[in-house]
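Working notes, structure below.
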Amino acid sequence: MARSTSKKNKCSRGLQSPISRKKLHSSTDFGHRNYSLYINRVLKEVIPQRGISSHTLDIMNTLINDIFERISMEACSVMCFRNRCTLTLEDIQKAVYLLLPEKLAKYAVTFGSEAVQRYVQS
């Protein structure tokens, strides 16, 4: 019986990642995270007297998961384009600049970098 030949990714090193070996059990479909708690916390910080409906919360959660998936896929393609096997900060920043409009990307990178700095210092 003939084997199918497929081009292996240079970065995979032929090992199966722990994530692909086991099933992800999450509260939403396809292993996406649920950011409802965080959305509510941010909303209460910005506008304490307002609430959000569960349908709107689901839409926001889907939006966040979609943007996260797009950025991660673009960052992975930037990483492979640069012939590297490690995802770096620069790859993620370039992916954000490629996907988001100019001004929004600038703010996203600035606030994201500040958040990482605060996390590292704490």
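The values are calculated or read from the model by the stated rules, or taken from the named source; none is laboratory data. Just so you know, these numbers come straight off a predicted model, no measurement behind them. We place every Cβ from the backbone using ideal geometry, glycine too, and count neighbours over all the protein chains shown.
Structure values in brief
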quantity	calculated
Any pair with Cβ under 9 angstrom, 6 or more apart, that starts in the stretch 36-65 at a residue that is closer than 22 Å to Leu100 by Cα and ends at one that is at pLDDT below 90 and hydrophobic (A, V, I, L, M, F, W, C)	Asn65/Phe30
Unique residue being modelled with pLDDT of 90 or more, surrounded by 13 or more Cβ atoms within 10 Å (Cβ to Cβ) and aliphatic (A, V, I, L, M) when the list is Leu43, Leu37	Leu43
Any hit, the stretch 25-34, residues being acidic (Asp, Glu), modelled with pLDDT of 65 or more and either exposed (fewer than 10 other Cβ atoms within 10 Å of the Cβ) or not in a helix (DSSP H, G or I) (or both)	no
Tally of residues being of a type in the set (A, V, I, L, M) and under 21 Å from Val42 (Cβ atoms) across the stretch 61-114	10
